[in-house]
Amino acid sequence: MWDMSNMAAGFKTVEPLKYYRRFWKENCCTDGRELGEFRTTTVKTGSITTADGSALVKLGNTTVICGVKAEFAAPPVDSVNKGYIVPNVDLPPLCSSRFHSGPPGEEAQVASQFIADVIENSKIMQKEDLCISHGKLAWVLYCDLICLDYDGNILDACTFALLAALRNVELTAVTIN
């Protein structure tokens, strides 16, 4: 039995350009918003008590949680005064039927690389601030971004979640003798 949502999904799959043009002609998005209207956004920090920093972000219906775990490592050989920020985006099957179990798909890999590029090029956090002892010890921040509900704008949702989680990070003071 086909209902209107199944018919719309079928039309979107078979004729995506016509599907979106219909909405553009009416100056609205597929979720009913006007084209210039933002999705409702909520941010909650400290969502994961076992992480060193975390945030849960809802951007419309897209929901991403970011947990940051801090560990020690030797600084990079070519940047002895810096630490590391290592992002990983996970798009599991639970967030959408378009994703499957197994190794990360192309969209997850592209999203992880995008977040790595944002970290590198935006200077949202100075990697020099992660250096504990010049040439000896630095912080590594592993940033796991997991999509819980996928409804578009995944890169924006991941970026918001990462920023909020990094602002929530609390690193313990380290003394080296």
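None of the figures in this text is laboratory data; all of them are computed from the coordinates on show. What you see is a predicted model; the values in this text were computed from it and never measured. Please note: Cβ atoms are built from the backbone with ideal geometry, for glycine as well, and neighbour counts cover all protein chains shown.
Averaging sequence separations of C-alpha pairs under 8 Å and six or more residues apart, then dividing by the length of the range 39-168, give the relative contact order as a whole percent.
Once divided by the residue count of the range 39-168, the mean separation gives 40 percent.
How much of the pair distance distribution for the chain lies past 25 Å, counting alpha-carbon pairs only, in percent?
Distances greater than 25 Å cover 45 percent of the Cα pairs.
Any lysines with Cα under 20 Å of the LYS44 Cα? List them, leaving off those in the same chain fewer than 8 positions away.
Here the lysines satisfying the reach criterion relative to LYS44 are LYS58, LYS69.
Determine the dipole magnitude for the chain: charges of +1 sit on the beta-carbon of Lys and Arg, -1 on that of Asp and Glu, nothing else is charged, the reference point is the Cα centre, and the result goes in debye to the nearest 20. Each step should come with its number before you reach the end.
Details: 16 positive and 21 negative charges, 46 e Å.
Dipole size: approximately 220 debye.
Only sites in a loop by DSSP and with at most 10 other Cβ atoms within 10 Å count here; which trypsin sites (Lys or Arg not before Pro) in the range 58-91 make the cut?
Counting only loop positions with at most 10 other Cβ atoms within 10 Å, none of the trypsin sites (Lys or Arg not before Pro) in the range 58-91 qualifies.
Specify which residue in the list VAL64, ASN27, ALA173 is farthest towards the positive end of the charge dipole of the chain, using unit charges on the beta carbon of Lys, Arg (+1) and Asp, Glu (-1), about the Cα centre.
ASN27
Please order SER54, SER79, SER101 by the number of other Cβ within 10 Å, starting at the fewest. Write out the running numbers ahead of the final one.
Details: SER54 24, SER79 14, SER101 7.
With the sparsest Cβ surroundings first, the list reads SER101, SER79, SER54.
Per the helix-only calculation at 222 nm, which mean residue ellipticity applies to the chain, given -39500 (n - 2.57) for every DSSP H run of n ≥ 4 and division by its residues, nearest 500 deg cm²/dmol?
-9500 deg cm²/dmol
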